[in-house]
Amino acid sequence: MNMQPVTLKDKQFKPYIPADELQQIVARLGEQISSDYAGKSPVFLIVLNGAFMFGADLMKHIDLTCRISLIKVSSYQGMQSTHTVSELIGLNESIENEDVVIVEDIVDTGVTMDHLLGTFKDKKPKSLAICSLLFKPDKFTKNFKIDYIGKSIPNEFVVGYGFDYEGYGRNLPCLYSVKE
Ligand code: IMP
């Protein structure tokens, strides 16, 4: 596997989490969710664009009868959170009285997820859980519980495996962190 540094626009990124480690993390999350939801039929809401690769891999490890919706919300520009959240699109089905699992790429400040939680709670699901591949505890400003965390990371900007820097890098199969 190519684990050389990569350049995206004006920034250099160094290898951070290799693809095989990511796959182990994703498999563990999938097995945990499958076991916790045994006998239930949850609805998975995969948050685009960032969670497209993680979501696709995660679903291969979900051993349940379930539905999947791809939803979209955006709060980020460049390497700084803008703290503004745009409207939610893509949720075209009712989640009332359903067990819902939100699948996110990362919880950073938590602003995006906090907004999503508010939006979804209004739709009266039976239960609402969060599965995030990454978590940056040092940046977190909210106090909701994250039910499934792939890995907690320091306050570093990452790209690859769905994560982007100004739209670039999502296709990389492993994670890279920015070189300061
Ligand atoms: P939050 O609202 O601050 O929690 O930010 C959430 C969103 O910011 C995520 O869904 C990502 O799209 C983006 N984001 C946060 N940290 C990073 C990063 O290190 N690399 C790329 N995108 C990030």
Could you give every pair whose Cβ atoms fall below 7 Å, whose first residue belongs to the range 61-77 and is at negative phi and modelled with pLDDT of 95 or more, and whose second residue is crowded, with 16+ Cβ neighbours inside 10 Å and of a type in the set (Gly, Ala, Ser), counting only separations of at least 6 or pairs across chains? 61/30; 62/30
Name the residues in the range 48-68 that are out of contact with any helix residue (DSSP H, G or I) (no Cβ under 7 Å at 6 or more places or on another chain) and either within 12 Å of the ligand (Cβ to nearest atom) or under 19 Å from residue 106 (Cα atoms) (or both), would you? 48, 49, 50, 51, 52, 53, 55, 56, 59
Check whether at least one residue in the range 108-119 is of a type outside the set (Lys, Arg), over 15 Å from the mean Cα position of the chain (by Cα), farther than 15 Å from residue 53 by Cα and at pLDDT 95 or above, and report yes or no. no
Within the range 123-180, take every residue that is loosely packed, with under 14 Cβ neighbours inside 10 Å and small (Gly, Ala, Ser) and give me the one that is farthest from the ligand (Cβ to nearest atom). 127
Would you confirm whether any residue within the range 144-160 is outside any loop (DSSP other than H, G, I, E, B) and over 19 Å from residue 58 (Cα atoms)? yes
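In a loop (DSSP other than H, G, I, E, B) and under 14 Å from the mean Cα position of the chain (by Cα): does that describe residue 141?
No; evaluated as a whole, the condition is false for this residue.
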Specify which of the listed residues (26, 100) is at pLDDT 95 or above, at negative phi and part of a strand (DSSP E or B). 100
Out of (1) out of contact with any Gly (no Cβ under 8 Å at 6 or more places or on another chain); (2) at pLDDT 90 or above, what's the single condition that is false for residue 58? (1)
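The values are calculated or read from the model by the stated rules, or taken from the named source; none is laboratory data. The shown structure was predicted, so the numbers you read here are calculated from the model rather than taken from an experiment. All Cβ positions, even for glycine, are placed from backbone atoms using ideal geometry, and neighbour counts span all protein chains on display.
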